[in-house]
1. At R0 = 22 Å, how high is the FRET efficiency between I76 and R109 if r is their beta carbon distance? Nearest 0.05 is fine.
2. Using every alpha carbon pair in the chain, what percent of pairs falls into each 10 Å bin from 0 up to the bin containing the largest distance?
3. Using just the helices of the chain, give the 222 nm mean residue ellipticity in deg cm²/dmol: DSSP H runs with n ≥ 4 each add -39,500 (n - 2.57), and the total is spread over all residues, rounded to 500.
4. Roughly speaking, what is the stretch gain from E138 to R22, that is 0.36 nm per residue apart minus the C-alpha to C-alpha distance, in nm to one decimal?
5. Net charge around G43, counting only other residues with Cβ within less than 11 Å of its Cβ (Lys, Arg = +1; Asp, Glu = -1)?
6. For R121 and V34 in the same chain, what is the full-extension length gain: residue separation times 0.36 nm, less their Cα-Cα distance, in nm?
7. If you count, for each residue, the other Cβ atoms within 10 Å and average over each peptide, how do 44-54, 84-94 line up from highest to lowest?
Amino acid sequence: MSHEGIRILSEEEQARESAENRPLSRSAITPEKVRVLLTEGKGLEIDWADGHRSAWSFAWLREACPCATCVEQRKIEGRRPGQPKPKPAQLLPMYSPPAKPSSAHGVGRYAIEFAWTDGHRSGIYSWEYLRRNCRCSECRFANAETKGSPN
């Protein structure tokens, strides 16, 4: 019998995973108003049906792309969603333009998709993914408490 795919977790890890995967209420993942601040270059803002408000910078969103390729790369590098890639030490660092989408559009009633100026366009940001990765101070504090480390 193979042991592949079997993970043994401590009680602390089990509690952390169950907190991360807790079901969210329908109103917590239903946006009332979505604003993509493309011309301002700021980011994405969502007012949720439960009264909560979330905002993400374009830089954070690009580094948190939920496509399989980006998720796998972050996993290899040990980065969390939104955490920037480490920059190699260079004598004369090259300028890289800030992350910005050239366009954004809704995907059904469950997500938003960005076409980034760097050519990437395969990430579909579901409302649930965005709510679970809310960047407000209240949610960041709650996530740090359940994960045991700052977000």
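Derivation of every value follows stated rules applied to the coordinates shown; laboratory data play no part. Source: prediction; values computed, not measured. With ideal geometry, Cβ positions are generated from the backbone for all residues, glycine too; neighbour counts draw on all protein chains shown.
1. Working: r = 33 Å, r/R0 = 1.50.
Between I76 and R109 the formula returns 0.10.
2. Pairs per bin, as whole percents: 9, 34, 35, 16, 5, 0.
3. Working: 5 runs with 43 residues, N = 151.
Counting only the DSSP helices, I get -8000 deg cm²/dmol.
4. On the way: separation 116, 0.36 × 116 = 41.76 nm, distance 1.72 nm.
Residue separation times 0.36 nm, minus the Cα-Cα distance, leaves 40.0 nm.
5. Working: positive: R35, K42, R62, K100, R135; negative: E40, E45.
Around G43, the surrounding residues sum to +3.
6. Values: separation 87, 0.36 × 87 = 31.32 nm, distance 1.94 nm.
So the extension gain works out to 29.4 nm.
7. On the way: 44-54: 16.0, 84-94: 7.4.
Packing order, densest peptide first, comes out as 44-54, 84-94.
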